[in-house]
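*Asks:* I have a structure here, written as structure tokens, and I will follow up with some questions on it.
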Amino acid sequence: MNAEIWTLSGVIVGAAGALGAAALTSRAARRAPLATQRRDKRREVYAAFVGVAAELTVAADPNASGGYRINSASPDPEEWVRELNAIRRRLLATYPLVQLEGPQEVERSGMAVMNAAMDLVMAADNVTLADVPRFAQVFGEVQKLSDAVAAFLVDCQAVLRI
């Protein structure tokens, strides 16, 4: 009789353990796709933000073929600043998604990109065709924007665990 009780106890404990393991496995299996979806959504949002920031960098770079000087011809500075402002507004439109996806370190470095973009557009607005020394200031702001984007990417990689 004693052996039967121990056998019955063993069967109950074994069944409970198997059910517990199955529940944990099922829970982990449900969480894995959710984590992947969240990471993919973050990657998509971060990539869109970086893409617009890169577009602004290229449009503002005075040495780029598509930048301020095209084949030694200088376009209208006001038109150039309007173009930069349009790109900056698109960057501004993508930033709330970065805020939504977070986390805070990515949000903060995204704000640094936004500030660098604003500084760049303000510096470009001060440039005139006859004012060559200020043109170097625009290049300095382009470099600051590039550095801010690089820092943003480092934070994104840490969050995405790439």
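*Asks:* If you check every pair at least six apart or on different chains, which have Cβ atoms under 7 Å apart with a residue in the range 150-162 that is assigned to a helix (DSSP H, G or I) first and a residue that is surrounded by fewer than 16 Cβ atoms within 10 Å (Cβ to Cβ) and of a type in the set (Phe, Trp, Tyr) second?
*Replies:* So the pair list comes out empty.
*Asks:* While we're here: So residue 68 clears everything in (1) modelled with pLDDT of 65 or more; (2) crowded, with 16+ Cβ neighbours inside 10 Å except one condition, right? Which one?
*Replies:* Going through the list (1) modelled with pLDDT of 65 or more; (2) crowded, with 16+ Cβ neighbours inside 10 Å, residue 68 breaks only (1).
*Asks:* Please tell me if residue 124 is on the phi < 0 side of the Ramachandran plot, modelled with pLDDT of 90 or more and part of a helix (DSSP H, G or I).
*Replies:* no
*Asks:* Can you confirm whether residue 85 is touching a helix residue (DSSP H, G or I) at 6+ places or on another chain (Cβ under 7 Å), assigned to a helix (DSSP H, G or I) and modelled with pLDDT of 90 or more?
*Replies:* Against the criterion (touching a helix residue (DSSP H, G or I) at 6+ places or on another chain (Cβ under 7 Å), assigned to a helix (DSSP H, G or I) and modelled with pLDDT of 90 or more), residue 85 qualifies.
*Asks:* Take residue 112 and tell me if it is crowded, with 16+ Cβ neighbours inside 10 Å, at pLDDT 80 or above and not hydroxyl-bearing (Ser, Thr, Tyr).
*Replies:* For residue 112, the condition - crowded, with 16+ Cβ neighbours inside 10 Å, at pLDDT 80 or above and not hydroxyl-bearing (Ser, Thr, Tyr) - is met.
The values are calculated or read from the model by the stated rules, or taken from the named source; none is laboratory data. Keep in mind the model is a prediction, meaning the values are calculated, not measured. Because the Cβ atoms are built from the backbone with ideal geometry, glycine has one as well, and the counts that use them run over all protein chains shown.
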